Amino acid sequence: FALRLVELLEASGDLTAARERLAERVQAAPDDRTLLARLAALDVRLENWEQAASEYAALAALEQGPELVGTALTLWDLCQRIGRPADARSALERALAADPTNVELKDKLGELLEAMGAYRERAELLVREAEHTADAAERLAKRVRAAELFLLPDGDAEAAVRVLEAALEDAPLSPDVAVLLARAHTQLSHFEQALTVLNAIVEANRGKRSRTLALVFEEMADVHLAEGYLSDALQALQRAFEMDSRNARLGMRLARLALESEEEELAQRALRAISIMKTAAEDGPEGARPETKADANVALAWMARKAGDPRRARVLVTKALAECPEHAQARALLAELDAR
């Protein structure tokens with residue numbers, strides 16, 4: 001009789017009264033999945049998102065196997081709506097265990113784990129997915145992403161090495177895989193292994209120039225820096241910048257390391273290159289931000305002043321202020337030059 005009354009109330013459009021009656025039945029039989037599912041669906045119709053999420057969470061806890069999949073996905077959507085996506089984690093994990101090939105479940109759980117900062121768990125999920133992925137390119141992409149996550153702070157460099165060594169089976173001469181593998185070895189202080197991996201890519205691409213190879217040489221510089229070999233790092237960064245000579249980020253790294261190593265001529269060359277680069281929204285292969293071009297000109301101005309050439313220093317400061325009128329160091333140096 002009670003369910004018939006609920007149906008009549010729904011048919012008449014009195015959803016609030018229908019919900020009250022149905023909630024009473026659920027309270028009396030909280031493990032009745034049919035009643036709970038009907039109440040949850042009614043709360044969705046009423047846009048009672050908090051109650052609906054709570055009810056779908058309770059329903060997910062009662063369900064097993066294929067029935068759990070739809071409930072878990074609905075719960076995910078509701079938890080997203082109320083700003084508590086983490087509340088859906090357990091249901092999504094259980095649903096994926098019941099249906100390991102469900103792409104939507106994999107995507108939702110992966111999205112959730114990354115949003116929560118559970119990077120190691122996300123990486124482990126990707127590794128498992130890769131093991132059951134037939135397409136080589138897709139398998140490689142999953143392993144590379146897993147390695148990137150393993151290499152984040154508080155990650156697992158040893159796990160990254162294992163994943164990347166497996167990735168090399170699909171792409172033995174991939175610069176991207178080599179760079180990540182070298183980074184993992186470096187985190188483990190396996191410097192010789194890191195350089196061996198990178199040198200193999202360099203040898204395989206002897207005589208070629210590309211932005212991808214620039215990343216290989218930059219990683220080589222990072223290995224040398226971790227070892228404490230500044231001169232070797234400087235040489236590798238110089239090669240990287242030669243491969244990608246319009247990359248402001250690389251150029252500024254080279255200039256700073258050259259100054260630290262007291263290689264002023266090399267620093268000047270890098271800074272001059274940056275100062276005439278195309279203006280870009282961010283420092284990278286497409287050019288330099290105005291602030292970075294101003295930084296380069298100010299650094300050159302200081303060097304000109306140190307060399308006893310105030311006229312050239314003034315010209316360079318003026319260029320810096322043309323790029324970035326509020327540049328504090330440029331203004332300070334100009335004031336100092338004006339005071340003389």
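Every number here is computed from the coordinates shown, using simple stated rules; none is lab data. Nothing here was measured: the structure is a model prediction, and the numbers come from that model. As a convention, Cβ positions derive from the backbone with ideal geometry for all residues, glycine included, and neighbour counts pool all protein chains shown.
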Residues with amide H under 5 Å of G287's amide H, sequence separation 5 or more or different chain, H placed in the peptide plane at 1.01 Å from N; which?
A248
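Counting only GluC sites (Glu not before Pro) that sit in a DSSP loop (anything but H, G, I, E, B) with at most 14 other Cβ atoms within 10 Å, what is the longest stretch of the chain containing none of them?
48-261
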Please give the helix 2-12 orientation as an angle from the longest Cα principal axis of the chain, in degrees from 0 to 90, rounded to the nearest 10.
60
Taking Lys and Arg as +1 and Asp and Glu as -1, residues besides L39 with C-beta under 14 Å from its C-beta add up to -3
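Rank these for me by crowding, L237, L36, going from fewest to most other beta carbons within 10 Å. Before the final figure, lay out each step's value.
Working: L237 28, L36 22.
Fewest-to-most Cβ neighbours within 10 Å comes out as L36, L237.
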Less than 29 Å apart at the alpha-carbon level, and either on another chain or at least 8 residues along: which lysines does that give for K106?
K142
How tilted is helix 33-45 with respect to the longest principal axis of the chain? Cα atoms for both, answer in degrees (0 to 90, nearest 10).
60
Can you list the aspartates and glutamates whose alpha carbon is less than 19 Å from that of K208, not counting same-chain residues fewer than 8 positions off?
D176, E218, E219, E242, D244
Let me have the relative contact order for the chain, percent, based on Cα pairs under 8 Å that are six or more residues apart.
6
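May I ask for the net charge around A281, where only other residues with Cβ less than 12 Å from the Cβ of A281 are counted and Lys, Arg are +1 while Asp, Glu are -1? Working shown, then result.
Values: positive: K278, R289; negative: E282, D283, E286, E291.
Spelling it out: positives minus negatives among the neighbours equals -2.
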Candidates (i) 1.21; (ii) 1.12; (iii) 0.99; which is the computed Rg/Rh (Cα atoms, Kirkwood Rh)?
(i)
Can you tell me which of R21, R211, R183 moves the most in a GNM of the chain? Springs connect C-alpha atoms under 10 Å apart.
R21
Given the options V103, V144, V216, state which has the largest fluctuation in a GNM of the chain using a 10 Å cut-off (strictly under) for Cα springs.
V103
For helix 119-131, report the angle its Cα long axis makes with the longest principal axis of the Cα atoms of the chain; keep it between 0 and 90° and round to the nearest 10°.
80
Among T16, C79, A313, whose Cα lies farthest out toward the positive end of the dipole of the chain, if unit charges sit on the beta carbon of Lys, Arg (+1) and Asp, Glu (-1)?
A313
Give the span of segment 271-340's Cα atoms along each principal axis, as three whole-Å numbers ordered largest to smallest.
39, 22, 12
For segment 101-115, Karplus-derived ³J(HN,Hα) couplings (6.51, -1.76, 1.60; θ = phi - 60°; whole Hz; x for glycine and proline) come out as 9, 6, 5, 5, 5, 4, 5, 5, 5, x, 4, 5, 4, 5, 5
Of the candidates G207, G284, G110, which one comes out as most mobile in a Gaussian network treatment of the chain with C-alpha springs shorter than 10 Å?
G207
Taking the Cα centre of segment 1-128 as origin, sum charge times position over the Cβ atoms of Lys and Arg (+1) and Asp and Glu (-1), and report the length of that vector in debye to the nearest 20.
140
If you wrap a convex hull around the alpha carbons of segment 1-116, what volume per residue comes out, as a whole number of Å³?
94
